[in-house]
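Report on the structure given below.
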Amino acid sequence: MPDAVLVNVAMRQRLQLSLGDRAELGEEILGGVDRRAFAASTRDGGIPVVVTLHQAPPGGPDPDAMQCRVSRLRELEHGVVDLPLAAGNLDGRTWVMDAVSVLPSVGDRLAAGRVPLAEGVSAIRDLARALAAMHRRGITHGAIDLGTVRIGSAGLRLGGVGQTLGGSVRDDLDALGEVAWSLLSGEVERRSARPLSMIRRGVAPSLDALCAHLRAPDPRHRPQRAEAILDALDAVPTRRSSPLGSIVDVGVHDVRPPRGVAWLVVGAAILLLFALLQSRL
């Protein structure tokens, strides 16, 4: 048996020992210098998962730092973020186990055609909410792209949080801008800057302005916080079956004050005052 095959078999055995009772390794689905990925399934329920083995530091993430990151992410408990199931150390290399998402990536979804504008705006809002919650806790993603963001009829999911320890808030916001442009324009590859309204019909001026803001040539002129993107999205008209849903939705599931609730309180106070005036007549 060739030495390379022996090394590969030994590595798989050690990785399986590291996983212990968590999962059973399957075939290798990604081979490379930076990282290798294996199909796997959990032992307790047979749920499909992916186990990624990263390159040793300094080229790859530090195992202890990654385990700390996973612990901090678990405290986040954000409904949009797909958290790693486990992380560990294999001879100084980080391994991470993630559940397999059933939703298509944004890249795969766009390959089938453009996303409706309302669906794209909703997905961008979900992504901005997730980043706002992460950044508030001092956690950056560092690997947002058309592959780690997934969308479906039920909404958006953000994965890939165990791919890297790097990145910054600026990197995350710029990556969000690129994903947002792809979702709205249908363009997978970056092209010359132009208004969204020149590509698609029915684009509100506020959405045109947001796209220009996200892709401004000077980073200082782009949004500096995810909450700023959420505020801009609140000004974008959307078609909803219930007007009440638009009011209550403002500020929900992100780190901004629940302004929608405040408007409901004001409305209730006005109705009560009106009722009191009527009773005196």
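What follows is calculated from the coordinates using simple rules that are stated; it is not laboratory data. Since we're looking at a predicted model, the values are computed, not measured. Here the Cβ positions follow ideal geometry from the backbone for every residue, glycine too, while neighbour counts run over all protein chains shown.
In table form, for the structure just shown:
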item	result
Pair list, Cβ under 7 Å, 6 or more apart: region 179-205 residue under 16 Å from Ala118 (Cα atoms), other residue assigned to a helix (DSSP H, G or I) and of a type in the set (D, E, K, R)	Leu196/Asp208; Ser197/Asp208
Residues located in region 109-155, provided they are farther than 25 Å from Arg74 by Cα, in contact (Cβ under 8 Å) with a residue 40 or more places away in the chain and assigned to a loop (DSSP other than H, G, I, E, B)	Gly113, Arg114, Val115
Number of positions in region 44-92 that are more than 19 Å from the chain's Cα centre (by Cα), among the polar types (S, T, N, Q) and exposed (fewer than 15 other Cβ atoms within 10 Å of the Cβ)	1
Within region 156-178, tally of residues that are surrounded by fewer than 22 Cβ atoms within 10 Å (Cβ to Cβ) and in a helix (DSSP H, G or I)	7
Region 192-217, residues that are polar (S, T, N, Q), over 13 Å from Ala232 (Cβ atoms) and outside any loop (DSSP other than H, G, I, E, B)	Ser197
